[in-house]
Amino acid sequence: MATHLTTDDVGRVLGGRYRIVAPIGTGASARLYLSDDVTLRRRVAVKALPESLAEDDAYLRRFRAEAQSAATRTHPHVLGVYDWGYDDVPFLVSEYLAGGSLRSMLDAGHRLTSSQALLVGMEAARGLDYAHGEGLVHRDIKPANLLFGESGRLRIADFGLARALAEAGWTEPDGSIVGTVRYAAPE
């Protein structure tokens, strides 16, 4: 069996619990799938990590520790992490937010009004303040990691994954460090 997930995996059950429904998107560090938690009967998002990380035992230990750490923290502006596992691929399970990302809104041509931008900034700042108070640094804040629930409330995604990848020193094949250059601080 392949060590990465594709659209051919729709219907597959990971960890005996998470049935893949449809691909949602692909980023530099993972593929994201809409999934059903067949045990609790709820929609979740499953983030399957790249096969290049599946062979790195040190990374998998850090990933597990970060997933467990993220799952113990709750805040209205931080994406909820429910579970993690390994089933040919390492994966992370989080709440599913049907409102999409700020990136998808901008790509669709939607522009925020001044008051909407202020609200997004305030909610992101509240989530970051909470995380920093808990000793977490995101390391990859960008529009794609700012997600919205159906009610429009913003939540920041990828805290644990960003830290685990950074601590692993994982790089792309060209040697660049994981992160988004466009949104990285110049230092």
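General remarks:
- Positive minus negative residues near ARG31 (Lys, Arg vs Asp, Glu; Cβ under 10 Å): 0
- For THR39, the accessible area of its heavy atoms, probed at 1.4 Å with every protein chain present, is near 90 square angstrom.
- Solvent-accessible surface of protein heavy atoms, probed at 1.4 angstrom with all chains present, puts VAL137, VAL38 in the order VAL137, VAL38, largest first.
- FRET E, pair GLN68, ARG153, Förster distance 35 Å, beta-carbon r, rounded to 0.05: 0.90
- Region 28-166: relative contact order as a whole-number percent, Cα under 8 Å and 6+ apart: 25 percent
- Rounded Å value of the spacing that divides the Cα centres of region 111-148 and region 85-109: 16 Å
- Calculated accessible area for region 1-138 comes out at 52 Å² per residue, all protein chains present (probe 1.4 Å; ligands, DNA, RNA ignored).
The values are calculated or read from the model by the stated rules, or taken from the named source; none is laboratory data. Owing to the predicted nature of the structure, the values given are computational and were not obtained by experimental measurement. Don't worry about glycine lacking a Cβ; one is built from the backbone with ideal geometry, like all the others, and counts go over all protein chains shown. Quick note on the areas: whole protein, heavy atoms, side chains included, nothing else; ligands and nucleic acids left out. Shrake-Rupley method; radii C 1.70, N 1.55, O 1.52, S 1.80 Å.
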